[in-house]
Each structure stands twice: as C-alpha cells, then as structure tokens.
Amino acid sequence: MEKDIYILGIETSCDETGAAIVKNGREIVANVVASQIEFHKKFGGVVPELASRKHLEIINPVLDEVLEQAGMGFDDLDAVAVTIGPGLVGALLMGLGAAKVISYVKKLPLVGVDHIEAHIYSNFIDHPDLKPPFVALVVSGGHTMLVYIEKYGSYELMGQTLDDSVGEAYDKVAAFLGLGYPGGPIIDDLAKEGNTEAIRFPRAMIAKGELNFSLSGLKTAVLNCVSRLKLESQELPLPDLAASFQAAVVDVLVSKTLRAARQKGVEKIVLAGGVAANSYLRRRMTEATRDEQMALYYPNMSLCTDNAIMIAASGYYRFIAGERLSLEANPIPNLRLGQSVESV
C-alpha cells in the first residue's frame, strides 16, 4: 500500500492569507483562511502595500491554527507548497518567505505553485473522479481565460481577455453604480431582482471564431447608459442594469467556452476562479452543457475564492512529478500559465 502524502499549502497572492493541509491531492485535512475584504472595502479595492502588511501580521497565527486543526506537526508533512505567482509581488513575498523558513528549518521539500493552475485544480477536491482532458474557463478578479488541459501540467491557452477581466469589470460597474465592493456578489444578488432583457448591452466578439474576450466596451456601454438616464433625470433601474450587464457578460462566457470545447473535441468543462461562484454563470453554463450533452464541473463556493486548499492540491501533483523550488527563488508576479518556475 502506497504511503499517503500530506502537503501544506500556503496562499498569499492577494488579500487572503490561507494555509491548508491536503492528503493525496484531493482530501482536505485542515483549512484556514483569513480574509482582508472588510479591511479593503473602505478603499474600494485591494491596496497592495496594506495587503502585504496584513499577511505579515496574520501568517504565523494562520499556520499555527491549521496545524492545530489537523492535529499534526511539521514532521507529519511531506512537503510545503506555496503560491509563487501570479499575484501582488509584496503579498507573494510574505507567503514565499514563510514557506522557505518552514522548508529550511524542518527539512521539507519546497514546491512552487501557479495560482491559476491551482484554481483549476480546486475542482479535484469536490470531484475526485475528474481527470484531464477538459477545457477550463478561469474567471476571477485578475484573469479571464480559456485553457485546454490535455494532461496534468499541460496547458494550452486558447483565449484570454484583451482588456478587463470579468471580476474587474464587475468591480468597476458596481463602483460606478454606487453598489460597493466587491462587485461580483453584489451584482449577482441584485440581478436576481432585475430583467436580463431590459437593456441590450453589447456582446463583444461573440460571433467571431476567435476565443479572446473584451469587456472594456461593455463597461463603457453601462457608463453611457447611466449617464443618459441621469441627464434625462430618470431613476436608475439598478436591478435591471445589473441583470442586463451580467447577462451580456455570461452570454459571451458560455458561448466561447462551448466553442473551445467543441474545437478540442472534449465533453468536460471546468469552471474556476472567484467568478465561478456566480449563480447566474453556473445556471447558464449548466443549461448549455446539458443541451450539448457535456459534463460541467465547478468547485464548492468556498473553493472558488483564493484559498490554500487549491495550492496544496496543485502542489501535490508537482511534488510527485519531482518538482522542487530553490530557497533562492523569487516570486513571479506575472507568471504565465504553463511557465516553469525556478527549480533545483
């Protein structure tokens, strides 16, 4: 019988400080997340320098708590995995520094993890039978991309945003409408009260054969619509604005994701990233994949946002593949999916 492998994952790419222990890449042993959302709300978004300071303050208590929750010590672990990029450089440094200390003092192998890869791999936790090949739609505050995963560690970028990410567009529209931060869940909830066909916003590049995305035009269309209504002294129909905006975003996401799956001849589609928690996207993608007789996978709500479970899960596959990170390694804030990280 093969030995079970326990990986400690550390995540500090943006404004969540996370630590988790995962068994064999798919079974959660313990998980702790300290979010900074309430702290950054007053600024309308994440302040990088303040995020780094918060990580520094909380990382040790988070690590202590996850070990206590698991009933384990560092000697019970097989490796430590940490986000090396992409993300905010200062925030990444906090997690990487902690992981290096643990690796050096406890003689544990150090594994660097791609944050985007980890979002995709979060699906393996709730769907232990899921295996490549499949097409993944990654939608978050900083990224919007379509990726073909032929096998573990093999990625083909099929399409990506040419300007704003989906999460960024949600935040900007929510801020413009005076709805608050973060924009994604606020617009999703408000849209449930509105009419998706009340306002016909543009669906950028939806009819083209390419798989890239563009959201800046849609954002501008919302801004122009609101400005016109204000000039006409009309009350803003916020639920209809939210529903119509969201429908325009999701129409394009669904259409292009199915197109990518057809091009690759795969019958499995995976959602990943913070926006994968969006209820309208889940519903529309569920309906579309059912009609196409495709299988749809998405993670539990708690695994959509940044967390260390996904880092440990992804780190497991890199660990068993023999990847190791040097103690001299630096964070790679603009890391591209599939790009190799420094190893020894």
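Each reported figure results from applying straightforward, stated rules to the coordinates on display, with no laboratory input. Keep in mind the model is a prediction, meaning the values are calculated, not measured. Cβ atoms come from the backbone with ideal geometry, glycine included; neighbour counts cover every protein chain shown.
Please check which bits of region 80-111 a label hung off Glu49 would reach, taking the label as a point 7 Å along Cα-to-C-beta and the cut-off as backbone N under 19 Å. Residues 88-94 fall inside that zone. In the chain, the longest principal axis of the Cα atoms and the axis of helix 48-70 are about 50 degrees apart.
Can you tell me the convex hull volume per residue for the chain, based on C-alpha atoms, in Å³ to the nearest whole number? Walk me through the numbers before you get to the answer.
Values: hull volume 44.8 nm³, N = 344.
That works out to 130 Å³ per residue.
Full extension of the chain between Leu130 and Val101 yields a length gain of 7.0 nm, computed as 0.36 nm times the residue separation minus the alpha carbon distance. Roughly how far apart, in whole Å, are the Cα centres of region 257-302 and region 103-158? Region 257-302 and region 103-158 have Cα centres spaced 16 Å from each other. Projecting label points 7 angstrom from Cα along Cα→Cβ for Leu162 and Asn24 puts them 4.7 nm apart. Spin-label pair Ala175-Glu292: with each label point 7 Å from Cα along the Cα-Cβ axis, the two points sit 3.3 nm from one another.
Note on Ser154/Asn334: beta-carbon distance plugged into 1/(1 + (r/R0)^6) with R0 of 22 Å gives a FRET efficiency of 0.55. When only alpha carbons of region 132-299 are considered, Rg and Dmax amount to 16.0, 56 Å.
Each of Thr289, Thr305, Thr144, Thr83 has some number of other Cβ atoms within 10 Å of its Cβ, and from fewest to most they run Thr289, Thr305, Thr144, Thr83. Taking the longest Cα principal axis of the chain as reference, the axis of helix 308-320 is set at about 50 degrees.
Between Ala207 and Leu231, the simple label model (points 7 Å from Cα in the Cβ direction) yields a spacing of 2.7 nm. Compute the helix-to-body angle for 279-291: its Cα long axis versus the longest principal axis of the chain, expressed 0 to 90° and rounded to tens. So the helix axis and the longest Cα principal axis differ by about 90 degrees.
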